[in-house]
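Below: the structure, in structure tokens.
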Amino acid sequence: MLNIVLFGPPGAGKGTQSERLIEKFGLVHLSTGDMFRMHINENTELGQKVKQIIADGILVDDSITIAMLEFEIDKHPDSKGFIFDGFPRTVAQAEALDKFLNEKNLNISKVLQLDVDENVIKERIALRQKVSGRADDGADKLLKRIDEYFNKTVHVLPYYIAQGKLTTISGVGEIDAISQKLFSAIEN
Ligand code: ADP
């Protein structure tokens with residue numbers, strides 16, 4: 001099984017590149033951001049619980065996030081592999097994911113980091129804001145999300161460096177060229 005973590009700040013292109021990777025390798029896409037938005041749209045109990053947190057651009061509790069992700073993994077017992085997008089965002093989440101996969105004799109194959117400078121991200125999201133309609137894409141909330149990434153989420157990287165699993169790829173340039181670099185990182 002090919003299990004990939006796609007890592008990078010908001011606006012790094014994780015969504016776009018995930019689509020390419022899914023198509024190329026036949027993976028199931030698990031985006032915790034998409035899962036939370038689905039719960040909010042459907043007004044589930046979980047959605048009600050996290051709605052304000054997400055609108056504020058801060059991270060949802062590990063316990064809630066981990067349980068939701070594990071539930072989604074278990075829906076796809078026959079998958080060729082997963083692409084984890086937006087998860088893990090904390091070391092506790094990374095550890096929980098390893099433990100959960102190990103219990104099934106699975107593991108993370110590779111972690112691909114899309115590296116994009118903070119200023120470039122801010123420009124990109126300013127454009128996306130106009131079309132996304134996302135409640136958390138407003139300017140101050142966006143800064144909060146970028147902050148959460150650089151203050152909390154980046155601490156996950158050393159965890160995967162220690163396992164020898166991290167490959168960093170620049171997320172700046174032609175979309176196709178970036179996809180090719182991701183493909184070869186996976187295939188080598
Ligand atoms: P972005 O485009 O900022 O990377 P996502 O769509 O991945 O955002 O996630 C949107 C929001 O959902 C986050 O700002 C956070 O509130 C919540 N969220 C998503 N994934 C996680 C996670 N793994 N842990 C905690 N909160 C999360």
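Could you check ALA126 against (1) closer than 30 Å to SER184 by Cβ; (2) of a type outside the set (D, E, K, R); (3) surrounded by fewer than 20 Cβ atoms within 10 Å (Cβ to Cβ) and say which number it fails?
(1)
Those residues that are within 10 Å of the ligand (Cβ to nearest atom) and over 14 Å from the mean Cα position of the chain (by Cα), I need them from segment 11-50; list them, please.
ILE40, VAL50
Given the residues ALA177, ALA94, ALA185, which is the only one that is within 17 Å of the chain's Cα centre (by Cα), closer than 22 Å to LEU21 by Cβ and among the small types (Gly, Ala, Ser)? Even if it seems obvious, please write down each step before you answer.
Values: ALA177 fails: within 17 Å of the chain's Cα centre (by Cα); ALA185 fails: within 17 Å of the chain's Cα centre (by Cα).
Matching residue, one of ALA177, ALA94, ALA185: ALA94.
Report yes if some residue within segment 100-109 is in a helix (DSSP H, G or I), under 14 Å from the mean Cα position of the chain (by Cα) and surrounded by 15 or more Cβ atoms within 10 Å (Cβ to Cβ); otherwise report no.
Residues of segment 100-109 that are in a helix (DSSP H, G or I), as a first pass: 100-103.
From what's left, under 14 Å from the mean Cα position of the chain (by Cα): none.
Taking every residue of segment 100-109 in turn, none turns out to be in a helix (DSSP H, G or I), under 14 Å from the mean Cα position of the chain (by Cα) and surrounded by 15 or more Cβ atoms within 10 Å (Cβ to Cβ).
Give all pairs with beta carbons closer than 7 Å in which a residue from segment 163-188 that is farther than 10 Å from LEU112 by Cα meets a residue that is part of a loop (DSSP other than H, G, I, E, B) and aliphatic (A, V, I, L, M); count only pairs at least 6 apart in sequence or on separate chains.
Listed by first residue and then by second, the contacts come to GLY171/ALA12; GLY171/VAL116; VAL172/VAL116.
If a residue counts only when it is farther than 21 Å from SER184 by Cβ and either open to solvent by 40 Å² or more (accessible area, probe 1.4 Å) or out of contact with any Cys (no Cβ under 6 Å at 6 or more places or on another chain) (or both), which helices (runs of 4 or more DSSP H) contained entirely in segment 1-95 have at least 2 such residues? Lay out the reasoning, then the answer.
Numbers: elements: 14-25, 32-41, 45-55, 62-73.
Fully inside segment 1-95 and qualifying: 32-41, 45-55, 62-73.
When you look at ARG124, is it charged (D, E, K, R), at pLDDT below 95, part of a helix (DSSP H, G or I) and over 30 Å from SER63 (Cβ atoms), yes or no?
yes
The values are calculated or read from the model by the stated rules, or taken from the named source; none is laboratory data. Only a predicted model underlies this, so the values are computations on that prediction, with no experimental measurement involved. Positions of Cβ are backbone-derived with ideal geometry, glycine not excepted, and every protein chain shown enters the neighbour counts. The accessibility values were calculated without ligands, DNA or RNA, using every heavy atom of the protein model including side chains. Shrake-Rupley method; radii C 1.70, N 1.55, O 1.52, S 1.80 Å.
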